[in-house]
Amino acid sequence: PRPHPAYGDQFNEEGIPGVPGEGRVLLRWQTVRVHGARLRRPVLRFEDLAYGPLGPVLTSPRVGQQVVGMGLIDAVPAATLEALAEAPKPDTVRGRVNRVWNPETGATEVGRFGHKANMPSLRAQIAGAFLGDLGITSPLHPAENCTPVQTACRRAPSGGAPELSAQQLDEVTYYLAQLAVPPRRGADDPAVRRGEARFAALGCTACHRPMLRTGDSASPALAHQDIAPYTDLLLHDMGPGLADWRPDFAAGGREWRTPPLWGLGLTAAVSERARYLHDGRARSLHEAILWHGGEATVARQRYAALGAAGRAELMAFLGSL
C-alpha cells in the first residue's frame, strides 16, 4: 500500500515529547451473526486529526504477533514455501507465496513474516518495526519516519544517522532469533491425541502444516531442524468475512498468511486477555474458527458439525500447543 501523504503508513496516536500524536482512533465492536453465532468485528473512527482529513484510505487494525520461534521460521528455505504453494491440496485449498521487497538486498523475495507475509526476513521485520513503531532509523531504513507536514517531528533531535547501528540491529536480530518455542504440555494425554487426530481429519493441516524443516542458518541451533509450527507460511483467501480489502505487495484484500500455532495454548497466560485473529475480534478459538471462510470453508463446516465431545478434544489439542 502507498503511505498516506500526511500520516504515513502507520497511524501513531502518541509522539515523543514535543511531537504531537497524529490523532485518536476510536474502536467499537459491531455484533454480527456468522454461521449462526453472534460474533463481532471492529469498526474504526479517527478523531482529533492533527494534519487534516484522512480522505479515502484503506485501514486495517492489527494486534501484535507472538515472537517465539522466529529464527526457525526465518531459516525455512524459500524453495520449501514455493514447493508448498505448488503442491496439490484437498478441499479447494490453494495457497501462494507473497512476493515482497527486501530493503536489505534490494530485491523482491518470498515473504514469511507479518499477518500478510509482507516481510521477507527477520532482520527486515525488526528494522521495519523499529521505524514504524518507534521511529528509530537503521541501516535498512535510514530516513526519518516523518512526512513533510509533520514539522515538529522533522525538527525533533536525532539519535544519530542512523540511530540504530548495524551491530545493534544484528544483536537484536540474534536475540529474537533465539527465543525458543515453549514446549507442549500434555501432548500424550488421550484427549489431546484424539484432538490432534480430529485436527487432521477436519482438514486443518492443509494450511496449518504440523511439520516443516529449516535449511541453512548462521546459527547452528536453527539449521536443518524438523519443526512443528503448524503453518505453511502461505497466503490463503479467507473469504469476505475476514477481508480488510487492503492489499499488501502481492497479497490481496481477502488473503492472510497462515499464522503459526505453536505457543497458542499459552496466549491467555502471557496476554492481558486472550484475543485471536489479525485484529483481535475473536474472543475464543471457537470464534476464530467460525470466522474461517474462503479456502477454509470446508474445514469450518466439518468443525461446525462436531458434537460437544469432539470440540472439547480439539480444544484440548490446541491448548497443548
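Things worth noting here:
- Residue check, Ala161 in contact with a Ser or Thr (Cβ under 8 Å, 6 or more places away or on another chain), of a type outside the set (Ser, Thr, Tyr), in a loop (DSSP other than H, G, I, E, B) and under 29 Å from Gly52 (Cβ atoms): no
- Between Val25, Val32, Val43, Val19, the distinction of being more than 20 Å from Leu242 (Cα to Cα) and in a strand (DSSP E or B) belongs to Val25 only.
- Selection status of Ser219, modelled with pLDDT under 95, touching a helix residue (DSSP H, G or I) at 6+ places or on another chain (Cβ under 7 Å), of a type in the set (Gly, Ala, Ser) and more than 25 Å from Ala299 (Cα to Cα): yes
- Candidate set from segment 167-201 (those that are surrounded by 14 or more Cβ atoms within 10 Å (Cβ to Cβ) and of a type in the set (Lys, Arg)); member that is nearest to Pro139 (Cα to Cα): Arg184
- Selected residue (criterion: surrounded by the fewest Cβ atoms within 10 Å (Cβ to Cβ)) from residues of segment 67-89 that are acidic (Asp, Glu) and within 18 Å of Val100 (Cα to Cα): Glu82
- A single entry from Val25, Val43, Val76, Val68 fulfils the requirement of being under 22 Å from Gly252 (Cα atoms) and in contact (Cβ under 8 Å) with a residue 12 or more places away in the chain: Val43.
Yes/no matrix, rows are residues, columns are (1) crowded, with 18+ Cβ neighbours inside 10 Å; (2) within 23 Å of the chain's Cα centre (by Cα):
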residue	(1), (2)
Arg96	yes, yes
Val110	yes, yes
Ser121	yes, yes
Pro139	no, no
Pro148	no, no
Pro162	yes, no
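- Tallying residues that are surrounded by fewer than 19 Cβ atoms within 10 Å (Cβ to Cβ) and hydroxyl-bearing (Ser, Thr, Tyr) within segment 255-285 yields 3.
- Flag for Gly8 being within 28 Å of Leu176 (Cβ to Cβ), within 21 Å of the chain's Cα centre (by Cα) and exposed (fewer than 12 other Cβ atoms within 10 Å of the Cβ): no
- Leu233 surrounded by 20 or more Cβ atoms within 10 Å (Cβ to Cβ) and farther than 23 Å from Phe317 by Cα: no
- Residue within segment 9-28 that is more than 21 Å from Asp279 (Cα to Cα) and aliphatic (A, V, I, L, M) present: yes
- Inspection of segment 57-73 finds no residue satisfying the criterion of being at pLDDT 95 or above, in a strand (DSSP E or B) and closer than 28 Å to Arg209 by Cα.
- Among the residues of segment 46-55, the ones that are assigned to a strand (DSSP E or B) and not acidic (Asp, Glu) come to 1 in all.
The values are calculated or read from the model by the stated rules, or taken from the named source; none is laboratory data. Computed from a predicted model, the values in this text were never measured in an experiment. With ideal geometry, Cβ positions are generated from the backbone for all residues, glycine too; neighbour counts draw on all protein chains shown.
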